[in-house]
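**Q** First, the structure itself, so that you have it in front of you.
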Amino acid sequence: MSITLAGRVAIVTGAGGGLGRSHALALARYGARVVVNDLASAACEAVAEEIRAAGGEAIPWTCSVTDREGVFAMVEGVVQRWGGVDILVNNAGILRDRTFAKMDLDDFALVLDVHLMGSVNLTKAAWPHMREKGYGRVIFTTSSSGLYGNFGQSNYGAAKMALVGLMQTLALEGEKSGIHVNCLAPSAATQMTEGLYSEEDLRGLSTDLVSPGVVALASENAPTAPSCWPAPAPSNRRTSP
């Protein structure tokens with residue numbers, strides 16, 4: 001089945017390079033209007049210009065996902081410009097790797113703030129607009145470091161596993177409003193993975209190989225998290241708003 005994102009509006013965080021850039025370009029190729037968000041204004045503008053040069057629509061937006069007021073202002077600005085927000089790709093992230101014994105708690109908190117609260121901030125800002133429209137696609141970026149653990153990444157693993165719990169709950173709460181919520185656990189050659197893989201492995205881990213998954217999860221026919229898991233729903237799930 002062919003996918004079209006024509007008329008959809010997407011926000012991609014951490015889109016100035018790496019996976020975020022690939023996601024933004026891929027969504028634009030399928031017709032979405034894309035907000036390229038990153039901390040680096042030059043990188044934002046460069047990716048937005050790539051999209052425009054290819055015939056797509058894109059705007060750069062510079063702010064940190066940890067800046068709650070900035071994130072809410074971005075969403076409101078996008079709604080005023082394009083009438084709504086349909087797709088969120090929560091991709092922004094950082095690393096502060098050390099063993100737990102040597103890790104500064106400020107670095108632990110910072111990684112949680114960027115990965116977890118950054119995703120919460122953007123999703124919270126867009127959620128009422130998606131509910132009003134009766135449509136939304138929210139994609140979080142988790143990791144095998146959260147699912148299975150990884151030496152020296154207690155902060156990163158904790159943040160990434162928290163996103164799985166957030167996904168599961170928001171998928172339940174958003175279902176009646178047409179909001180589908182999923183996580184992607186990518187492996188790709190980016191600045192964040194330098195030193196983690198061999199050169200040979202990195203050659204087979206292009207970011208462009210991950211982005212088709214984002215396009216599928218951003219599409220009208222995307223699943224939503226509970227339907228992807230074989231376990232039956234527990235009987236104590238709450239259904240109140």
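**Q** Considering only the other residues whose Cβ falls under 14 Å of the Cβ of Val71, what net charge follows from Lys and Arg at +1 and Asp and Glu at -1? Can you show the working numbers first?
**A** Numbers: positive: Arg68, Lys124; negative: Asp38, Asp67, Glu69, Glu76, Asp113.
Result for the local shell: -3.
**Q** Would you list which lysines come within 19 Å of Lys160, measuring only between C-alpha atoms, while excluding same-chain residues fewer than 8 positions from it?
**A** Filter leaves Lys124.
**Q** What is the magnitude of the charge dipole of the stretch 1-128 about its Cα centre, with +1 placed on the Cβ of each Lys and Arg, -1 on the Cβ of each Asp and Glu, and no other charges, expressed in debye to the nearest 20?
**A** 360 debye
**Q** Ratio of alpha-carbon Rg to the 2.2 N^0.38 Å globular estimate for the stretch 1-94, to two decimals, please. Walk me through the numbers before you get to the answer.
**A** On the way: Rg = 12.0 Å, N = 94, 2.2 N^0.38 = 12.4 Å.
Dividing the Cα radius of gyration by 2.2 N^0.38 Å gives 0.97.
**Q** Assuming R0 = 35 Å, what is the FRET efficiency of Glu69 and Ala6, from their Cβ-Cβ distance, to the nearest 0.05?
**A** Numbers: r = 32 Å, r/R0 = 0.91.
Given R0 = 35 Å and the Cβ-Cβ separation, E is 0.65.
**Q** Just flag the chymotrypsin sites (Phe, Trp or Tyr not before Pro) in the stretch 1-100 sitting in loop per DSSP whose Cβ has no more than 14 other Cβ atoms within 10 Å. Could you put the intermediate results ahead of the total?
**A** Details: sites: Tyr30, Trp61, Phe72, Trp82, Phe100; in loops: Tyr30, Phe100.
Hits after loop and neighbour filter: Phe100.
Taken together, the values in this text are just the output of simple stated rules run on the coordinates, not laboratory data. Predicted, not measured: the structure shown is a model, and the values here were computed from it. Cβ coordinates were reconstructed from backbone atoms using ideal geometry, including for glycine residues, and neighbour counts include every protein chain displayed.
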